[in-house]
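The values are calculated or read from the model by the stated rules, or taken from the named source; none is laboratory data. Treat the numbers as computed from the prediction; the structure is a model and nothing was measured. Don't worry about glycine lacking a Cβ; one is built from the backbone with ideal geometry, like all the others, and counts go over all protein chains shown. Side chains included, ligands, DNA and RNA excluded: accessible areas come from the protein's heavy atoms. Shrake-Rupley method; radii C 1.70, N 1.55, O 1.52, S 1.80 Å.
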Amino acid sequence: MNPDGGPASKRRLPAASVASPHQLFEDTSAGALGRGYAAQQPPAAGSFLAEPVSSFAVAYGTTLASQGKEIVDRNIDRFIPVTKLKYYFAVDTVYVGRKLGLLLFPFMHQDWQVRYQQDTPVAPRFDINAPDLYIPVMAFITYILVAGLALGTQNRFSPDILGLQASSALAWLIVEVLATLLSLYLVTVNTDLTTIDLVAFSGYKYVGMIVGIVSGLLFGKTGYYLLLSWCCLSIFVFMIRTLRLKILSEAAAEGVLVRGAKNQLRMYLTMAIAALQPLFMYWLTFHLVR
């Protein structure tokens, strides 16, 4: 009863606040379930799939790259003979020094035959007569640099002129090699000369061109003409003695001079190739010395 003596009014509690008389502990499952669900929600579909997809992409990319590398390795020799190029750059310091001496002083050299091992020519570092690309490539680059120096001493240097000098030298080299290949085809020469061999032999003349330009810078036109003439004679003798074993292979194999019109054409072709070297040497250097 209330203090006023009236009937006691019962205060009703919310249904959620009333506990069952048989319940020993407070039921907190609803709140705990809500809080746990909020804290332990499963990851979103995107984040769940992100790691497997990225791993698959990396694996697929690696496989694709390896397959592409294998395809390139199998087919690159069709366009760029990498294996053959490695042979032409197999040189050492001793070979380079001896080869430069042979290019400048070929008159006393006796044995011009290229040595073979199991039908394969030995590497240039083991045979001074073997053609290489290291000396022609380095000589070409050095020639461009020396030409730039010569133009600079005459106050005529400009990037355009130097680029024209380089492109002109390269163009004449390509024309020379193509003309030689065409001549060999027309004369029907059975030779083991390759295109890379012709590039190497045609590139040796840049050594004499460098000597001529440097002598012109140091001693004027007199030194230029003297040393360039020597280098022209040296490269002529070098080319004659080298190419005669390649172009006149049949006569060289028999050890005698094979007579006939066909062999005479081969002789003329050998001399023409050798005679072109001094002409190109003078054409590409005379304007650089004043």
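Some points to look at:
- Residues located in the range 99-145, provided they are over 26 Å from the mean Cα position of the chain (by Cα), open to solvent by 80 Å² or more (accessible area, probe 1.4 Å) and within 23 Å of W230 (Cα to Cα): F105, M108, Q110, D111
- Search result, residues across the range 124-181 that are of a type in the set (S, T, N, Q) and in contact with a Lys or Arg (Cβ under 7 Å, 6 or more places away or on another chain): Q154
- Filtered by the rule that a residue be of a type in the set (A, V, I, L, M, F, W, C), part of a helix (DSSP H, G or I), farther than 13 Å from L279 by Cα and under 32 Å from the mean Cα position of the chain (by Cα), the range 190-236 gives I196, L198, V199, A200, F201, V207, I210, V211, I213, V214.
- Residue within the range 141-152 that is in contact with a Phe, Trp or Tyr (Cβ under 9 Å, 6 or more places away or on another chain), among the β-branched types (V, I, T) and not in a helix (DSSP H, G or I) present: no
- Screening the range 160-189 for residues that are surrounded by 15 or more Cβ atoms within 10 Å (Cβ to Cβ), of a type in the set (V, I, T) and at pLDDT 90 or above and picking the one that is farthest from I273 (Cα to Cα) gives V177.
- Complete set of residues in the range 82-92 that are open to solvent by 30 Å² or more (accessible area, probe 1.4 Å) and farther than 21 Å from G208 by Cβ: V82, T83, K84, L85, K86, Y87, F89, D92
- Hits in the range 217-230 - residues which are surrounded by fewer than 23 Cβ atoms within 10 Å (Cβ to Cβ) and not aromatic (F, W, Y): L217, L218, G220, K221, T222, G223, L226, L227, S229
- Taking the range 166-187 as the range and being without any contact (Cβ under 8 Å) to a residue 24 or more places away in the chain and either of a type outside the set (A, V, I, L, M) or within 18 Å of L269 (Cβ to Cβ) (or both) as the test, the residues that pass are S167, V175, L178, A179, L181, L182, Y185, L186.
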